[in-house]
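Novice: Here you go, one structure.
Derivation of every value follows stated rules applied to the coordinates shown; laboratory data play no part. Everything numeric here is computed off the predicted structure, so don't read it as measured data. Every residue, glycine as well, gets a Cβ built from its backbone with ideal geometry; the counts of neighbours run over all protein chains shown.
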Amino acid sequence: MSVLEVDGLTKRFGGLVAVDDFSLDVEQGEIVGLIGPNGSGKSTVFNCIMSIYDVTEGTIQFNGDAITDDKTHEIVNKGLSRVSQESNPIDLYPVAGNIKLFTLPNSIRSLRGGASDEEIYEYAARIDIEDKLQEMPDELPHADVRRLEIAKALATEPEMLLLDEPFAGMNQAEINELAGQIERFREEGMTIVVVDHNMGGLMNLVDRVVVLNNGEMLAAGSPEEIAENQRVQEAYLAGEGL
Amino acid sequence: MISTILLLGTILSTVPGRIEDVAGSVRRNVLLPIGQTLDRLLAPVDRALQPVADGYNRRLGTYFGEMTGLQFALIFGALIALLTAGLWAPLVSGSLLRTLALASIWAIFAMSWDIQSGYTGYISFGHSVLSAAAGYTTALLLVHVNPELSLWITAPISVLAALVLGLLIALPSLRLEGPYFSLITFVAVLLFYRLTTAFTSLGGIPGFSSPDVFTWDPTMRYYYMLVPMLLIALALTFMARSNLGMILVAIRENESAVSAAGINPTKFKIWSFALSSIPMGIGGVLLVGFTGNVDPHTFVIVDNSIEMIAMAVIGGMSSILGPLGGAFLFEFLNHEVLHGFSTPVRYLFLWGLVLLVLVFARDGLFRMIWHRLGAVRGENE
């Protein structure tokens with residue numbers, strides 16, 4: 001069954017068409033790679049799904065529910081969580097506090113709810129930052145800040161995770177480690193879409209790849225097919241290599 | 001001419017460097033040794049008081065924030081001093097009880113402003129419109145409905161009026177992001193001011209003198225203002241140390257992260273405004289009982305809104321108790337220390353102080369003292 005159904009998604013900014021009639025179905029338990037050169041519209045697709053941007057045309061369904069016009073927090077509470085490209089922890093709170101914020105109920109009456117220290121430890125442990133819980137975000141190395149972003153998303157107990165450039169700025173060892181952790185999330189039953197601008201980290205991780213170019217879908221297939229696809233290679237020729 | 005300007009420019013450009021040098025050497029040679037001496041003197045006190053503070057921390061720390069020995073001593077000492085002021089204040093100065101009563105009212109305003117503006121970062125420049133709504137409601141009820149109405153009827157209706165007006169301002173404006181909210185609050189207070197001065201049925205410039213003061217006994221009057229202030233301080237501190245405070249601060253720091261956490265920022269922003277309007281209304285009712293007059297100058301003018309902000313800034317925004325301390329310091333300076341000067345001179349000094357705090361102690365004086373006390377730990381010795 002499709003967990004996420006994006007149908008005919010179009011997003012215009014004034015005269016600029018950032019995403020043009022893009023459709024995507026993601027099945028339960030899949031890891032899908034969404035790639036494309038810089039500026040091809042990948043993050044815009046995520047921003048439309050999460051209602052950061054209003055959709056110009058098209059519909060988005062999550063678990064059969066129309067979420068096109070939902071607010072961001074409603075989408076998160078339905079079980080869809082996104083880790084954005086930019087890290088934006090709250091520097092006033094330690095790692096544990098940053099994770100805790102993501103467990104608080106959306107209720108003005110709940111003054112003492114949210115995760116216990118043990119639960120926060122569990123979320124952190126799933127992405128291996130459990131020994132950094134008392135540190136402040138601005139003291140953490142880049143890779144740990146990225147892990148904190150993922151821990152925050154995990155703390156919302158998502159069924160599906162949208163990861164925007166999770167490997168950016170990481171070295172190969174860190175990429176391999178993170179890919180392993182993402183694989184584990186899938187084993188725990190999570191469905192995942194990973195955005196990246198090249199195939200580097202995705203090759204051994206994703207089940208299939210969808211390629212976006214100039215806001216339109218260019219190709220879709222297994223990682224191997226995409227790596228050899230002539231049109232994809234041409235699209236990338238303008239910029240960096242695949 | 002040009003060379004004079006250039007010379008002046010050169011001199012001026014070296015001034016900040018000089019100031020930094022001087023500030024640096026002052027810090028090294030004066031402040032640091034004083035700090036170390038204070039640490040040495042206070043550390044044993046801190047240690048001695050720690051068991052008492054720990055007792056409090058175990059029972060109430062989760063609800064109102066944990067404290068070190070010295071911090072506990074400051075809060076407890078201040079509380080005792082305020083509660084016993086009826087006995088000692090008249091011995092210090094004839095006007096002190098009046099000043100402390102007025103400071104209590106303004107502390108309510110500053111704390112109410114803080115739970116909304118200080119915590120969420122959506123700065124309201126028009127909070128006096130809320131206390132004014134309460135004050136004018138009391139006056140209008142007495143003038144137009146029944147001059148014999150008891151406080152038990154006028155007060156709740158007045159607080160409700162502040163809440164309703166608060167929601168009227170908050171509901172449309174807090175859905176917007178950026179500076180619109182601040183501008184709308186600013187316009188709201190200007191509108192209200194013109195409304196009260198334009199129509200004689202709303203009292204005009206002289207306002208209404210029909211409400212009675214609560215009492216003419218200065219000691220009783222002080223406690224009428226103090227007790228509600230302490231209860232509001234307790235309630236707002238409790239709220240601020242809860243999830244609610246955490247979410248409001250997160251809205252200030254990064255509103256999109258709050259949405260990403262599955263929390264509706266608009267709902268919490270509006271709630272913080274409502275939570276702020278209620279004590280603003282209570283403060284407005286108390287101000288009526290203090291002055292016995294409801295007029296634009298006492299209640300509405302935008303200066304009042306800015307004064308609340310000044311108190312919160314001096315004490316330390318987003319801490320509730322900081323603005324409380326700020327209000328008492330502001331009123332003490334205004335009415336006790338500087339009372340010999342004319343009003344413009346007093347305010348010149350007070351706004352200068354606000355500017356100094358904004359430049360040199362942005363966390364506010366009371367937050368600075370609080371963290372300094374917290375840093376004095378027995379084990380450092």
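Novice: Of all DSSP beta bridges located in the protein assembly as shown, what percent are antiparallel, nearest 5? Provide the component values of the computation, followed by the final result.
Specialist: Working: 21 of 39 bridges.
If I count the DSSP bridges inside the protein assembly as shown, around 55 percent turn out antiparallel.
Novice: On to the next question. Given H placed on each backbone N at 1.01 Å, which residues far from A:I129 in sequence or on other chains put an amide H within less than 5 Å of it?
Specialist: Correct list: empty.
Novice: Peptides B:164-171, B:97-104, B:202-209: what's the order by average Cβ count within 10 Å, highest mean first?
Specialist: Working: B:164-171: 19.0, B:97-104: 24.1, B:202-209: 16.5.
Top of the packing list down: B:97-104, B:164-171, B:202-209.
Novice: Let me confirm one metric for peptide A:107-114, namely the mean number of other chain beta-carbon atoms within 10 Å of its residues' beta-carbons.
Specialist: 5
Novice: What is the magnitude of the charge dipole of region A:93-157 about its Cα centre, with +1 placed on the Cβ of each Lys and Arg, -1 on the Cβ of each Asp and Glu, and no other charges, expressed in debye to the nearest 20?
Specialist: Value, rounded to 20: 380 debye.
Novice: With +1 on the Cβ of every Lys and Arg and -1 on the Cβ of every Asp and Glu, and nothing else charged, how large is the dipole of the protein assembly as shown about its Cα centre, in debye rounded to the nearest 20?
Specialist: Approximately 3280 debye in magnitude.
Novice: What share of the DSSP beta bridges in chain A is antiparallel, in percent to the nearest 5?
Specialist: So the antiparallel bridges amount to about 55 percent of the total.
Novice: Once the Cβ-Cβ distance between A:N176 and A:A220 is put in as r, and R0 is 25 Å, what FRET efficiency do you end up with, to the nearest 0.05?
Specialist: The calculated FRET efficiency here is 0.45.
Novice: Loop only by DSSP, 10 or fewer other Cβ within 10 Å of the Cβ. Give me the GluC sites (Glu not before Pro) in region A:22-97 that pass, ordered by residue number.
Specialist: A:E86
Novice: For the protein assembly as shown, what size does the Cα cloud have along each of its three principal axes, sorted from largest down, in whole Å?
Specialist: 90, 71, 64
Novice: Could you give the length gained on full extension between A:H142 and A:M203, defined as 0.36 nm per residue of separation minus the Cα-Cα distance, in nm?
Specialist: Between A:H142 and A:M203, full extension yields an extra 19.6 nm.
Novice: Report the Cα-based extents of region A:1-149 along its three principal axes, largest first, to the nearest Å.
Specialist: 46, 36, 31
Novice: While we're looking at this one, here's another question. Given the -39500 (n - 2.57) contribution per DSSP H run of 4+ residues, what per-residue ellipticity at 222 nm results for the protein assembly as shown, rounded to the nearest 500 deg cm²/dmol?
Specialist: Working: 25 runs with 346 residues, N = 623.
About -18000 deg cm²/dmol.
Novice: Here's a follow-up. How far is the Cα center of region B:244-259 from the Cα center of region B:183-219, in Å?
Specialist: Each part reduced to its Cα centre gives a spacing of 35 Å.
Novice: When you count, for each residue, the other Cβ atoms within 10 Å and take the mean per peptide, how do B:217-227, B:266-276 rank with the highest first?
Specialist: Top to bottom by mean Cβ count within 10 Å: B:266-276, B:217-227.
Novice: A further question on this structure: Would you mind checking the tilt of helix B:218-240 against the longest principal axis of the Cα atoms of chain B, expressed as 0 to 90 degrees and rounded to 10?
Specialist: 70
Novice: Let me ask you something else. Using only alpha carbon pairs under 8 Å that are at least six residues apart, calculate the relative contact order of region B:70-375 and give it in whole percent.
Specialist: The normalised contact order for region B:70-375 reaches 32 percent.
Novice: Also: Mind checking which of B:T291, B:G340, B:G77 is farthest towards the positive end of chain B's charge dipole, using Cβ charges of +1 (Lys, Arg) and -1 (Asp, Glu) about the Cα centre?
Specialist: Result: B:G77, furthest along the dipole toward the positive end.
Novice: Only counting other Cβ atoms within 10 Å, I'd like A:E159, A:E188 sorted with the fewest neighbours first.
Specialist: Ascending number of Cβ neighbours within 10 Å: A:E188, A:E159.
Novice: Over the whole of B:262-272, what's the average partner chain Cβ count within 10 Å per residue? Rounded to a whole number, please.
Specialist: Mean partner shielding for this stretch: 5.
Novice: Amide H of B:F125 versus every other amide H placed in the peptide plane: which residues, excluding those fewer than 5 positions away on the same chain, fall under 5 Å?
Specialist: Excluding prolines and chain starts, which carry no amide H, the hits are B:T185, B:F186.
Novice: Averaging the inverse of every distinct alpha carbon separation and then flipping it gives the Kirkwood radius. What is it for region B:35-110, in angstrom units?
Specialist: 14.6
Novice: Would you grab the residues whose amide H sits under 5 Å from the one on A:V195? Only those 5+ places off in sequence or on another chain, please, with H modelled 1.01 Å from N.
Specialist: A:L34, A:L163, A:D164, A:E165
Novice: If you don't mind, another one. Considering the dipole of region A:93-157 built from charges on the beta carbon (Lys and Arg +1, Asp and Glu -1) around the Cα centre, which of A:P94, A:L111, A:A155 is farthest to its positive end?
Specialist: A:L111
Novice: While we're here: With θ set to phi - 60°, apply the Karplus curve 6.51 cos²θ - 1.76 cosθ + 1.60 along region B:55-64 and write out the HN-Hα couplings as whole Hz, x wherever there is a Gly or Pro.
Specialist: Karplus values, whole Hz, x for Gly and Pro: x, 5, 4, 5, 7, 10, x, 4, 8, 10.
Novice: Same structure again: Apply the Karplus parameterisation 6.51 cos²θ - 1.76 cosθ + 1.60, with θ equal to phi minus 60°, to every residue of region A:47-64 and state each ³J(HN,Hα) to the nearest whole Hz, in sequence, with x for glycine and proline.
Specialist: Residue by residue, region A:47-64 yields 5, 6, 4, 7, 6, 5, 10, 6, 7, 6, 9, x, 10, 10, 10, 10, 6, x Hz.
Novice: Through the Karplus equation 6.51 cos²θ - 1.76 cosθ + 1.60, θ set to phi - 60°, convert the phi angles of region B:38-48 into ³J(HN,Hα) values in whole Hz; use x for Gly and Pro.
Specialist: 4, 4, 5, 6, 8, 4, x, 5, 4, 5, 5
Novice: Given 0.36 nm per residue, what is the gain on full extension from B:R28 to B:V145 after removing their alpha carbon distance, in nm?
Specialist: The span from B:R28 to B:V145 would gain 35.5 nm if fully extended.
Novice: Shifting gears a bit: Evaluate the distance, in nm, between pseudo-label points positioned 7 Å from the Cα of A:A168 and of A:Q233 along their respective Cα→Cβ axes.
Specialist: Each label point lies 7 Å from its Cα, and together they span 2.8 nm.
Novice: What's the magnitude of the charge dipole for region A:1-116 around its Cα centre, counting Lys and Arg as +1 and Asp and Glu as -1 at the beta-carbon? Answer in Debye, nearest 20.
Specialist: Computed charge dipole of region A:1-116: roughly 680 debye.
Novice: While we're here: Ignore the peptide's own chain and count Cβ atoms of other chains within 10 Å of each Cβ in A:119-131; give me the average, rounded.
Specialist: For this peptide, the per-residue mean of nearby foreign Cβ atoms is 0.
Novice: Have a look at region B:70-375 and give its Rg and Dmax from the Cα atoms, expressed in angstrom.
Specialist: That works out to 18.8, 57 Å for Rg and Dmax.
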